[in-house]
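**Q** This structure is in structure tokens; I'll ask about it shortly.
Please treat every number below as a calculation from the coordinates, not as lab data. What you see is a predicted model; the values in this text were computed from it and never measured. All Cβ positions, glycine included, derive from the backbone under ideal geometry; neighbour counts span all protein chains shown.
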Amino acid sequence: MSADEIHPVHDRLLGRAEQEALLGQRGRVAWLYGLSGSGKSTIAAAAQRSLYEEGRLVQVLDGDNIRAGLNRNLGFSEEDRRENLRRIAEVARLFVDTGTVVLASFISPLREFRARAREIVGAEDFLEVYVRASFAECARRDVKGIYGRAAAGEVARFSGKDSAFEEPENPDLLLDTEQETVEESVARLLAVLRGWIRP
Ligand code: ADP
């Protein structure tokens, strides 16, 4: 099937506005990024639960549900990381079309990757959320034991060590998890999201 043959069907599909009206919310993407162990998944999970309790439909995309399935053929070279995030951004956009709020939780180490994700999703639907903690603090937390393995040379291309992590210049929101408690970081994200996903 060529791309041309797919188009006519789209005229018969429900549009984003109808799906958003059904859910009573706006489809949007909050892109949480930062070093491994900085707090992305902790914050995403807590924010999803709070929003659920407020009647919002939220999908969390993270390494667990993406790298095990859709992107299981990709590794951690720069090229594969770029492709990983490109596909995730495309998937996020599909969710946006259904009116779903997406919390994406990925290291997203390069500015270029984040800019591309914003472009794919569409700037007006994209919130760049830097979840900040220093490499030393993430290594101290070592939630998944990965910093220990990286120090032993067992993890190739580890972000912040032998693979670059570029700090952002101007994120839409900065959650400094070295300075804030989990509850404070989640509350600050929710304060922005609540207004932003309201119809
Ligand atoms: P990531 O998903 O970025 O790899 P995780 O969420 O798995 O990181 O782990 C973050 C760790 O940092 C957790 O053990 C969490 O309790 C701790 N932490 C401390 N302060 C915060 C905060 N303000 N926000 C999120 N996590 C925090």
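**Q** Along each of the three principal axes of the Cα atoms of the chain, give the extent in whole Å, ordering the values from largest to smallest.
**A** 56, 41, 29
**Q** If we count other beta carbons within 10 Å of each Cβ, what is the order of Tyr52, Tyr147, fewest first? Write down the numbers at each step before the final one.
**A** Numbers: Tyr52 11, Tyr147 23.
Placing the least packed residue first, the sequence is Tyr52, Tyr147.
**Q** Translational D (Stokes-Einstein, µm²/s) of the range 39-93 at 10 °C and 1.306 mPa s when Rh comes from the Kirkwood sum over C-alpha pairs? If you can, show how the numbers build up before the last one.
**A** Numbers: Rh = 12.4 Å.
Using the Kirkwood radius from Cα pairs, D works out to 128 µm²/s.
**Q** In terms of modelled amide H atoms, which long-range or inter-chain residues lie less than 5 Å from the amide H of Leu57?
**A** Val101
**Q** Over the alpha carbons of the range 114-199, what is the largest minus smallest coordinate on each principal axis, giving the biggest first in Å?
**A** 50, 30, 21
**Q** Another question, then. Relative to the longest principal axis of the C-alpha atoms of the chain, give the angle of the C-alpha long axis of helix 40-53, reported between 0 and 90° and rounded to the nearest 10°.
**A** Around 40 degrees separate the two axes.
**Q** For helix 111-121, report the angle its Cα long axis makes with the longest principal axis of the Cα atoms of the chain; keep it between 0 and 90° and round to the nearest 10°.
**A** Tilt of helix 111-121: around 20 degrees.
**Q** Charges at C-beta only: +1 for Lys and Arg, -1 for Asp and Glu. How large is the resulting dipole of the chain about its Cα centre, in Debye rounded to 20? Please report the intermediate quantities before stating the final value.
**A** Values: 28 positive and 33 negative charges, 70 e Å.
The dipole of the chain has a size of about 340 debye.
**Q** Would you mind giving the three semi-axes, in whole Å and largest first, of the ellipsoid equivalent to the range 10-58 according to its Cα gyration tensor?
**A** Numbers: eigenvalues 161, 44, 8 Å².
They are 28, 15, 6 Å, listed from largest to smallest.
**Q** Still on this structure, please answer the following. So how much slack lies between Asp64 and Arg111, counting 0.36 nm per residue of separation and subtracting their Cα-Cα distance, in nm?
**A** On the way: separation 47, 0.36 × 47 = 16.92 nm, distance 2.27 nm.
Here the segment from Asp64 to Arg111 would lengthen by 14.6 nm.
**Q** With everything on Cα atoms, drop me the angle between helix 182-196 and the longest principal axis of the chain, reported from 0 to 90° to the nearest 10.
**A** Once rounded, the angle reads 20 degrees.
**Q** Same structure again: Bin width 10 Å, origin at 0, all Cα-Cα pairs of the range 58-149: what percent of pairs per bin?
**A** Over the range 58-149, the share of Cα pairs per 10 Å bin runs 14, 45, 33, 7, 0 percent.
**Q** Give me the number: length gained by fully extending Leu13 to Ser77, i.e. 0.36 nm times residue separation minus the C-alpha to C-alpha distance, one decimal in nm. It would help to have the intermediate numbers written out before the result.
**A** Details: separation 64, 0.36 × 64 = 23.04 nm, distance 3.78 nm.
This chain segment gains 19.3 nm when fully extended.
**Q** If you stretched the chain out fully between Ala187 and Asp97, how much longer would it get, using 0.36 nm times the residue separation minus the C-alpha to C-alpha distance? Let's see the in-between values first.
**A** Numbers: separation 90, 0.36 × 90 = 32.40 nm, distance 2.63 nm.
Value of the extension gain: 29.8 nm.
**Q** In addition: Hey, if you put +1 on the Cβ of every Lys and Arg and -1 on every Asp and Glu Cβ in the range 70-167, which of Val121, Val91, Val143 ends up farthest toward the positive end of that dipole?
**A** So the residue we want is Val143.
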